[in-house]
Amino acid sequence: VIDTSLPRGREEHLICLRVGATLRVLRSCGVTHTAAGMGPGDHLCWTYDDRDSLPAVAVEFLAEGIARREKVLYFSSGSADPREEISALGAVDDLIESGVLGAHLLPSVATPGKAIDIAEQDSAWTGMLTEALDAGFTGVRVFVDSTPLTRTPEQHDAFLRWEQHFDRRMTEMPFTGVCAFSSRELGIEAATALARVHPLVRDPAVSFRLFAGDDGALVLTGEVGAEDSLALEQLFERLPDTGEAVAVDVGDLRFIAHQGLLALDRHAATTGRVVTLRHASKVVRRLSELLALQSIQIEGRP
Amino acid sequence: MSMNPPDYVHTALVYRTDSELLDTVVPFAQDALAADEPVVAAFGDGTTAMLREALGEQNGLIYFAGSMSGLRPATSLRNFRSLFEQLLADGAPSFRAVGEVPHPGIGSAWDPWFRYEAAATRVLEDLAGWSMCCYDERSTPDEVLDDVALTHPYLTAPGSSPQANERFEPAERLVSSRPAPLDPLEEHPPALELLDPTPAAARRAVAQLAEGTGIDPSDVADFLVAASEAVTNATLHGRAPVELQAWSTRDRLVVCVRDRGAGPVNPLAGLDPVRRATLGGFGLWLIEQLCSQVGYRYDEHGFTVRLTAGGPPQP
């Protein structure tokens, strides 16, 4: 099982599993301007300024799920009736009645200020997926504006961990998700931090991303500048418990400043975790040698 | 020759004939070998052959194949330092190195090797050993000989032992007061000018410029990291505005990054593999390892670092 990339548009790639002679699409990654065309495993961060623009994005995304015979869910952060917001789906009440669609106001189902409980959420979502599959659906598709869940620093921290945890789940089970966050309400820095743990992002200014790849590995992609090294280290500190070893595919990484490599090496040294960079380019291998990195393992491109 | 060096003795020999060279280097090596001190000889092919004839193959005598002219000064310093450390770690009480340093008389620009000579005294100062840099007066330009006298704390006259050199000047001041000579490309209008670029913007613009050259893609990848490090350094440690200028030909790329600050606190940061981290000098140190040539200018406009990919300028 290896991964490779197929070009899909200018910035988008597909991450694939090679199973025998065939390639199975695991998920897409990149910068996108649309929530259309997503499939199981796809996880998009939709940062926005204008909340009124969200329902149209959700409708297009959810309609494709209904066509794929998925159970679809809409969580709004507003105060208006969520069924009204997505009325363009058509026959919303019937869809809800038949169990195809769920439409909820997030503030009414979440406790304000409470940090997300990862174990509780994980069992709720995987339970829901099992039920949906048992009921004949092909998967679960969710559009959620999570802004109200990430307002305080504690909430933000817990939510980042949750995103990283659930991103891995999405490569194991047929989930498709769009996570919306208001940059205006959360601030650019917090919104960017959340975007970094998604394989697909809307904001082209998100410099690098770290997300789940195949075979338990992580994928680090984009560009890690000197100014990003602290953020990278913080993401590694919040990684879900992956055991003693973590493999990071850097085959698509366009650039990493030496501060980023030092940060990863420091993380490996202080946690005792075996961090392996896979598919490292010649320049990454050269930098690691020049920096005399002691704790991370570097594997080159085959 | 008997002398107990305090730690590292960096000396130069200027000779006029091959026999002057042999009369000095052969006893210098024999004395060391007799005391179980390893000897490293790093000369070009001709002189190496001559030394082999005089000294033969002996236990503890290491001939360094080829000359240093194909290497970067920073790489040479790093390699020599780790070789010397290894010899001492293996139990040698001390070591001796003899060799020749590239200069225009043997086909290399002098500015990088001037910095090498200045920095060597400092970079190797904690190692118990001697190095003797040998210059053939017949082929060495006068301005190089002047610098040899400024960069070596000891001088060795042919056939005698090293003597303290009164003209020696500490490396930091020497290096910061010597601007890199202009690259011929710098006399032309730049192909690219960026004001206060982000490192990412600088990488993209220089990558685009590099596409028009025939430089090896892996050298270009190294060069982009260096250009990025230069902009990051100027932004983090220098003073705004930061200006980037770049020139290209079919086989060369030159990038100058200038800020209005006074430059690195330690002008040797880029050449020093030991103190690089504590000085925050990783950036400059990597730049020195990743470019084919690096030059510095400290002047009334601020601090400029010039990076070159590809070969030396064609005359």
Residue among B:201, B:226 that alone is at pLDDT below 95, among the hydrophobic types (A, V, I, L, M, F, W, C) and closer than 29 Å to residue A:205 by Cβ: B:201
Residues within the range B:167-183 that are of a type in the set (A, V, I, L, M, F, W, C) and in contact (Cβ under 8 Å) with a residue 60 or more places away in the chain, tallied: 3
From the options A:137, A:175, A:143, residue that is at pLDDT 95 or above and touching a helix residue (DSSP H, G or I) at 6+ places or on another chain (Cβ under 6 Å): A:143
Candidate set from the range B:273-315 (those that are in a loop (DSSP other than H, G, I, E, B) and modelled with pLDDT of 90 or more); member that is surrounded by the fewest Cβ atoms within 10 Å (Cβ to Cβ): B:292
The lone exception for residue A:61 - which of (1) more than 24 Å from the chain's Cα centre (by Cα); (2) part of a helix (DSSP H, G or I) it fails: (1)
Any hit, the range A:70-88, residues being closer than 21 Å to residue A:124 by Cα, modelled with pLDDT of 95 or more and of a type in the set (D, E, K, R): yes
Selected residue [touching a helix residue (DSSP H, G or I) at 6+ places or on another chain (Cβ under 6 Å) and free of Cβ contacts under 8 Å to residues at least 60 places away in the same chain] from B:205, B:221: B:221
Extreme residue, nearest to residue B:314 (Cα to Cα), among residues of the range B:235-259 that are touching a Gly at 6+ places or on another chain (Cβ under 8 Å) and in a strand (DSSP E or B): B:252
Considering residues of the range B:165-217 that are polar (S, T, N, Q) and within 21 Å of residue B:290 (Cβ to Cβ) only, the residue nearest to the chain's Cα centre (by Cα): B:213
Only one of A:36, A:103 that is closer than 28 Å to residue A:193 by Cα, in contact with a helix residue (DSSP H, G or I) (Cβ under 7 Å, 6 or more places away or on another chain) and at pLDDT below 95: A:36
Residue within the range B:262-272 that is within 14 Å of chain A (Cβ to nearest Cβ), assigned to a loop (DSSP other than H, G, I, E, B), in contact with a Leu (Cβ under 9 Å, 6 or more places away or on another chain) and closer than 28 Å to residue A:208 by Cβ present: no
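The values are calculated or read from the model by the stated rules, or taken from the named source; none is laboratory data. Since we're looking at a predicted model, the values are computed, not measured. We place every Cβ from the backbone using ideal geometry, glycine too, and count neighbours over all the protein chains shown.
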